[in-house]
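Participant: Below you'll find the structure I mean.
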Amino acid sequence: MKKPSPRRFAVVLNLLFLLLSSTPPAVAAEPLQAELANGWTIELRSQLQPLVINRLHSWQLILRDSNGQPLNGASIEVTGGMPDHDHGLPTAPLVSATAEDGIYLLQGMRFHMPGYWQLRAVVEKDGFSDEVVFDLQL
Amino acid sequence: MKTLIPLILLLAAGLGYATYQFWAPPPGSWTAAEAALIRSMSLSALPPLPADPSNRVADDPLAAELGHQLFFDERLSSTGTVSCATCHQPEHYFTDQLPLAVGKSLGPRHTPGLVGLSHSPWFYWDGRKDSQWAQALAPLEAAHEHDFSRSELASLISSDAGLTALYEKVFGALPEVPMNTAPATPDGDADKIAAWQALDAEQQQAINQIYANAGKALAAYQRKLQPGRSRFDDYADALDDSVDTRTNDSLTDTEIAGLALFIGKADCVSCHNGPLLSNHEFHNTGVLAVDGQLPPMGRYEGVRMARQDSFNCLGPYSDAKPEQCLELRFALDSNELVGAHKTPTLRNVSETAPYMHGGQIATMAEVIQHYNEAPVSMLSHNEAKPLGLRAAELRQLEAFMHSLTAPLATAPRWLQAPASAQGEQALE
């Protein structure tokens, strides 16, 4: 039986440093999206806009199957860190289900340094498990 | 002629080396990303003071008045000579110029400054407290600091008409407490613990309530202590209109070059970021332990202490709902935190020597040299990497630090002992 090789998608969030703004580096935090090995998709949306450092905040996670239908009952774990600095997130965020179909809440996120970050999401449901990696420049 | 060749070569090499070490002109312009990063460090970008849901009087003006009185009151000590202001001296940006704090006796840590600290979610060098009011309690009972006790504090507030009146305006009726008993606390020596255990539960609860409220008043006062605009802020704000590095004369060329290093090659901005030049987090930067001390576990232990603290956000004396205690709930507990200490603000840093959690490093030049070398950590690993800064660059970085000094944005009356207390003393 042929097993699909695990695919890792690195989705680079493009940053827009607003040149003529008086606010801190204002990041147009577009959703991060990736496809899992079995064709499901996961989307991460920051609820902090613009996405700035040093603020505790939440993200919304949306899990869909290959037909775009929302998926409930998955276990999702999100970790992150700065590969260039050899450290992880300064907090221990947690994912919980919400009342809405296919929508999960990632709470307790904080980025404490500007620069290149990676987020890793491990999705488990009904015996299936895969990890996707997102790149994020702050 | 031939004999001159080695001499000329030597001179050329010497000139080359001198140029390498001492010639480091500032950049001509900032990239858009650099300009944005610099603007993000300006006080203009400082968000409003974060609410503290665990302290319902955090922004109550009368609570700040009460806290102001308590902060400067030396009666809050076993010797009658130690107040918060003994170590947190307003004239030195609420530090004391000593390597290690001296309250009743010599302590194990360097006195941290208080300016802008109310923006931080964690307190103490190791983050053992999750609110400014919970932080304010511990030094009162620490044997090397005030060496006071919560029972004595409750007695003092109950017996001083001025303090009682102010307390009751802020918190309502003062609960009745046993007066002038032996010093009693569950966090003291054997005698104090025995005295505490001799009290009934209701008395203990009443004393704890007054103790916690005194901390909340001290926090309300400390929220007034905010940094003022420095030359750097004027420079950063002017970058709205131009990315030319000499866009205005708020900073000298040397300081501009230092700023370029700060956000670039020296990478100070990784941790010293945002308008307070601190990410309020915990890092191991390979600082040697204080002479005679074991290398401290830092935040690794601090987060455990915060979780167990009976005065934390989830405790019975907190005004927060459990769901509001997000920092505590999502606090990291990881081996990465072994030996990690809190990033201090760099606001007014040239006026707050010595440096580090144990005052281990005497001068700014030595601090910069420490980061330039990034020595191996005694415990766990040093997150910083060697920088390879040249002599000129070390000086430029140090020059930039001087541009961060400014008088506080705090009314002068908060920076001295309260006039009312002095007035009362004068009348006596």
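A short reminder: the numbers here are calculations on the coordinates, not readings from a lab. Note that the coordinates shown come from a computational prediction; the quantities given were computed from them, not determined experimentally. Counting neighbours? That spans all protein chains shown, and the Cβs are built from the backbone with ideal geometry, glycine included.
Participant: For the range A:30-137, what Kirkwood radius comes out of the mean inverse Cα-Cα distance, in Å?
Facilitator: 14.1
Participant: Most exposed first by the Cβ proxy, i.e. fewest other Cβ within 10 Å, how do B:23, B:122 rank?
Facilitator: Fewest-to-most ranking of B:23, B:122: B:23, B:122.
Participant: Which percentage, to the nearest 5, of the DSSP beta bridges contained in chain B is antiparallel?
Facilitator: 90
Participant: Right, something else. Return the subset of B:129/B:385; B:129/B:342; B:192/B:216 for which the Cα-Cα distance in this structure is over 19 Å, preserving the input order.
Facilitator: B:129/B:385; B:192/B:216
Participant: Ok, one more. Please compute, over every Cα-Cα pair in the range B:264-336, the percentage with a separation greater than 18 angstrom.
Facilitator: 58
Participant: How many angstrom lie between the Cα centre of the range B:324-373 and the Cα centre of the range B:136-206?
Facilitator: 33
Participant: Please list the equivalent ellipsoid semi-axes of the range A:69-124, computed as the square roots of five times the alpha-carbon gyration tensor eigenvalues, in descending order and whole angstrom.
Facilitator: Semi-axes, largest first: 26, 11, 9 Å.
Participant: Can you give the angle from 0 to 90° between the axis of helix B:364-373 and the longest principal axis of chain B, with both taken from C-alpha atoms, to the nearest 10?
Facilitator: The two axes meet at around 70 degrees.
Participant: Moving on. Would you mind ranking B:244, B:291 so that the residue whose beta carbon has the fewest other beta carbons within 10 Å leads the list?
Facilitator: Listed from fewest to most nearby Cβ atoms, that is B:291, B:244.
Participant: Next question, about the same structure. Report the net charge of residues surrounding residue B:152, where surrounding means a beta-carbon distance below 11 angstrom and charges are Lys +1, Arg +1, Asp -1, Glu -1.
Facilitator: Around residue B:152, the surrounding residues sum to +1.
Participant: What size of dipole, in debye to the nearest 20, comes out for the range B:283-428 about its Cα centre when the only charges are +1 on Lys and Arg C-beta atoms and -1 on Asp and Glu C-beta atoms?
Facilitator: In total the dipole reaches around 280 debye.
Participant: Please give the direction-averaged projected area of the C-alpha convex hull for the protein assembly as shown, in square nanometres with one decimal.
Facilitator: Mean projected area of the Cα convex hull: 36.1 nm².
Participant: With no solvent and one equal point scatterer per Cα, compute the Debye intensity ratio I(q)/I(0) for the range B:275-428 at 0.10, 0.12 Å⁻¹ and report its log10, rounded to two decimals.
Facilitator: -0.55, -0.75
Participant: Moving on to the next point. Any lysines with Cα under 28 Å of the residue A:125 Cα? List them, leaving off those in the same chain fewer than 8 positions away.
Facilitator: Cα-Cα hits under 28 Å: A:2, A:3.
Participant: Something else now. By how many degrees, between 0 and 90 and to the nearest 10, does the Cα long axis of helix B:391-402 differ from the longest principal axis of chain B?
Facilitator: The two axes meet at around 40 degrees.
Participant: For chain B, what D do you get in µm² per second when you plug the Kirkwood radius from alpha-carbon pairs into Stokes-Einstein at 25 °C and 0.890 mPa s?
Facilitator: Translational D for this selection: 104 µm²/s.
Participant: Per DSSP H run of n ≥ 4, the term is -39500 (n - 2.57); total these for chain B, divide by its residue number, and report the mean residue ellipticity at 222 nm rounded to 500 deg cm²/dmol.
Facilitator: Mean residue ellipticity at 222 nm (helix-derived): -11500 deg cm²/dmol.
Participant: Using Cβ counts within 10 Å as a stand-in for footprinting exposure, how do B:338, B:367 rank, fewest first?
Facilitator: B:338, B:367
Participant: Rounding to the nearest 10 and keeping the result within 0 to 90°, find how far the Cα-based axis of helix B:4-22 lies from the longest principal axis of chain B.
Facilitator: Tilt of helix B:4-22: around 30 degrees.
Participant: What is the Cα convex hull volume of the range B:214-291 when expressed per residue in Å³?
Facilitator: Once divided by residue count, the hull of the range B:214-291 is 166 Å³.
Participant: If you take the Cα Rg of the range B:61-225 and divide it by 2.2 N^0.38 Å, with N the number of residues, what do you get?
Facilitator: 0.99
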